[in-house]
Amino acid sequence: MASAAQAKYHIGFKPETIKLFELRNVSTCLQYLLPTLESLPPTFSLLDVGCGPGSITFDLARHFPRATIIGVDQSAEVIQRNRASVEVLAPGTRVEFRQGDLLRPESFLTPDEIGGFDVVHEHTTLICIPHNEPVLRQMKLLAKPRGGIVACRDGDTQSQVLWPPCPENAALQERIYRTNGLETQTGRQLIRKALEAGFRRDQITASASVLSTITAPERRAYAGSMLDILADENSEYRRAAARFGYTDEQVDVLRENMQRFIDAEDAWRLLICTEIICRLDDGERDAGS
Ligand SMILES: C[S@@+](CC[C@H](N)C(=O)[O-])C[C@H]1O[C@@H](n2cnc3c(N)ncnc32)[C@H](O)[C@@H]1O
């Protein structure tokens, strides 16, 4: 079984993908969590696991400049890039970035920090981790045992619908997820995963929202990122297509679908995103672990 540390993030960080991620911020992705964060003392601490290019992490720091916000990612490349941008994107805040595997927290946190966060947050990280059963339990252990919060928002990949339809792209994505040990139904199972991690049902608040990609810049960001990935023969998508015996013509169809999605003024992408806020109460760890 590939551990999270061994697994390579299958999307990668091409420039167009980073542009797509830059559309993510507190307003577009964290509406479900914002009231909870606003109710905390302004000096709260938050760990953003799998922060990637950090657009959400930076925006959290700008919203809550007195809070200690730590972004962690296994990719040294994005962490280096994020560190270099702190002074420009979140000056005067208490944001920092560390490299590490969230399943091995001792590699990036001090013993005091483990179990010391007011909030442990992930945004679309769970769906990128093969065999992700241990992730929520780990996040729970990183939060304060009394009153700590674990918050997750993940796309339910299999719920994605595109107009005009692109069944060939969906089929390849499903096969890549399956062969990499990734799930395309993580979103709909968030409550189940939280229960398995030891949260009681009454500690879990769940909600959902829809990621809607409509405008020309949004369509270009999404499909442009896919075109960038499909243009690179070394990308996980192209390597997987080669392994599955795709012909050049079949790869061309994948590209044409994405180009049509950019060009068609009636194009629309919809993806269900599920959200949970799990709040630990006093003495919970003794009862729940
Ligand atoms: C889809 S990206 C999400 C990035 C960011 N949270 C956002 O929504 O913009 C998933 C991120 O999780 C990171 N990741 C995957 N497995 C990880 C692990 N075991 N430990 C730390 N980061 C991990 C990847 O490197 C990638 O940056």
Residue order, fewest to most surrounding Cβ atoms within 10 angstrom, among His123, His10: His10, His123
Relative contact order, percent, the chain [alpha-carbon distance under 8 Å, six or more residues apart]: 22 percent
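Counting every Cα pair in the range 126-228, what percent are over 21 Å apart? Intermediate values should be presented prior to the final figure.
Working: 2425 of 5253 pairs.
Here the long-distance tail beyond 21 Å is 46 percent of all Cα pairs in the range 126-228.
Using only the Cα atoms of the chain, construct the convex hull and provide its projected area averaged over every direction, in square nanometres to one decimal.
Details: hull surface 58.7 nm².
Averaged projected hull area, Cα only: 14.7 nm².
Quick check: net charge around Glu275, other residues with Cβ under 10 Å of its Cβ, Lys/Arg +1 and Asp/Glu -1?
Working: positive: Arg153; negative: Asp154.
Counting the neighbours of Glu275, the net charge comes to 0.
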Candidates per GluC sites (Glu not before Pro) in the range 190-239, loop by DSSP, up to 12 other Cβ within 10 Å: Glu233
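Calculated from DSSP H runs of 4 or more alone, at -39500 (n - 2.57) each and per residue, what is the 222 nm mean residue ellipticity of the chain, nearest 500? Show your work: numbers first, answer last.
Working: 12 runs with 114 residues, N = 289.
Dividing the helical sum by the residues of the chain leaves -11500 deg cm²/dmol.
Since every read-out is calculated from the coordinates, none of them should be taken as a lab result. Everything numeric here is computed off the predicted structure, so don't read it as measured data. Positions of Cβ are backbone-derived with ideal geometry, glycine not excepted, and every protein chain shown enters the neighbour counts.
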